[in-house]
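Peer 1: Pasting a structure here, questions to come.
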Amino acid sequence: MTGATGATGPTEPSGVGGRRSRRPRRGGGGAAGRAVPLYIVTGGRSESGDDLDSLLLDLVTLVVARSTAPDAGHSPEHAALLRVCQHPISVAEISAHLGLPFSAVTVLLKDLRAGGLVELRHTREAQRQAAADPDIETLKALIDGLQRL
Amino acid sequence: MDYNDSDPAPGPGLGPRDEDLLPASAEQSVKVVIVGGFGVGKTTMVGSVSEIRPLTTEETMTLNGVGVDDLGGVETKTETTVAMDFGRVTLDERLVLYLFGTPGQQRFWFLWNGVLEGALGAVVLVDTRRLEDCFAAMDRLEDGGVPFVVAINTFPDAPVHPDDDLRAALDLPGHVPLVSCDARRLENGLVM
């Protein structure tokens, strides 16, 4: 995007605009480089904050495709999303790989889930409960796993 | 250089590399958030623990005059983009840990609904040369009821203070662990 992407060192830019413009993007994403405006990608929809759906998707909710082919009427972005989740992958990773904001990914994912094309593992609701009342088995697995590294 | 820049390099193409795929049995994920001021080493810590090259996710937020600037009754509505670097550790066949480095210099990162919510815990990374940079983040964690540890990133030229003085300066309750670390080293990142 700009020549500044080669900068080294812990020089986080101070402004939002600077950060966006110098951030390299996969898939030509980012506000400036995105070929298709976000409102087209999401069909003009945004994530509604207070319905039951908001309990569904956390940054770390794992997504697994149940199909390789999108439905008729799905966009290229739906197809790309389905492609990256053939193995379990978090919503945050999908957002990074496709160069789309988290909220745009959640809109697309809800479409795919409505069509039965993806399975969601460990939803936001489950995250919330697990954090409020962590179960001992998970904590043990966490500590064991870290000690093996 | 022995640290990770905040801007991860772009990958070769769309989607994760074959060697970065999670096992098909992965079914549960946990989230730990690393907070701290500008340039304190959040991205470095994410990178030193992560098994994948750190990635970046972003969110665009609309702010309805969040009560910081009083513009005399004029309704304000602005957009801001918050980007976060994150890494991943596959703990076993079913459990995956994600580490998020929050952008400390951006005032509104905590409005990203769900970043702190559901987090198992947080690491507050502190540079003793700029202690006050982490105050806002600590307030957010306390408000959100997220358990945290405070980690002093031991920069070579940063002053060393006794723990008691640091605890007093940070107004740290006795139950909150205070440790020193070198964010560049994996084994130090794991102590958290």
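Every read-out reported here was derived from the displayed coordinates using simple, explicitly stated rules and does not represent laboratory data. In this text, all values refer to a predicted model and were calculated from it rather than measured experimentally. When we count neighbours, we look across all protein chains shown, and the Cβ atoms used for this are built from the backbone with ideal geometry, even at glycine.
Peer 1: Hey, fewest Cβ within 10 Å first, where do B:Phe155, B:Phe86, A:Phe102 land in order?
Peer 2: Lowest count first: B:Phe155, A:Phe102, B:Phe86.
Peer 1: Enter the mean number of other protein chain beta carbons within 10 Å of the beta carbon of each residue in B:92-99, as an integer.
Peer 2: So the per-residue partner count for this stretch is 5.
Peer 1: For B:15-21, what's the mean count of beta carbons from other chains sitting within 10 Å of each residue's beta carbon?
Peer 2: Rounded to a whole number, the mean comes out at 4.
Peer 1: What average number of partner chain Cβ atoms lie no more than 10 Å from the Cβ of the residues making up B:116-123?
Peer 2: Counting other chains' Cβ atoms within 10 Å and averaging over B:116-123 gives 5.
Peer 1: Tell me, B:Val49, B:Val160, B:Val126 in order of fewest to most beta-carbon neighbours within 10 Å?
Peer 2: B:Val160, B:Val49, B:Val126
Peer 1: So, one more: Provide the per-residue ³J(HN,Hα) series for segment B:174-182, in order, calculated from phi with Karplus coefficients 6.51, -1.76, 1.60 and θ = phi - 60°, each as a whole number of Hz, with x at glycine and proline positions.
Peer 2: Couplings: x, 7, 8, x, 10, 10, 10, 8, 10 Hz.
Peer 1: Okay, next question. Neighbouring Cβ atoms within 10 Å as the yardstick, rank B:His175, A:His87 fewest first.
Peer 2: If I rank by nearby Cβ atoms, fewest first, I get B:His175, A:His87.
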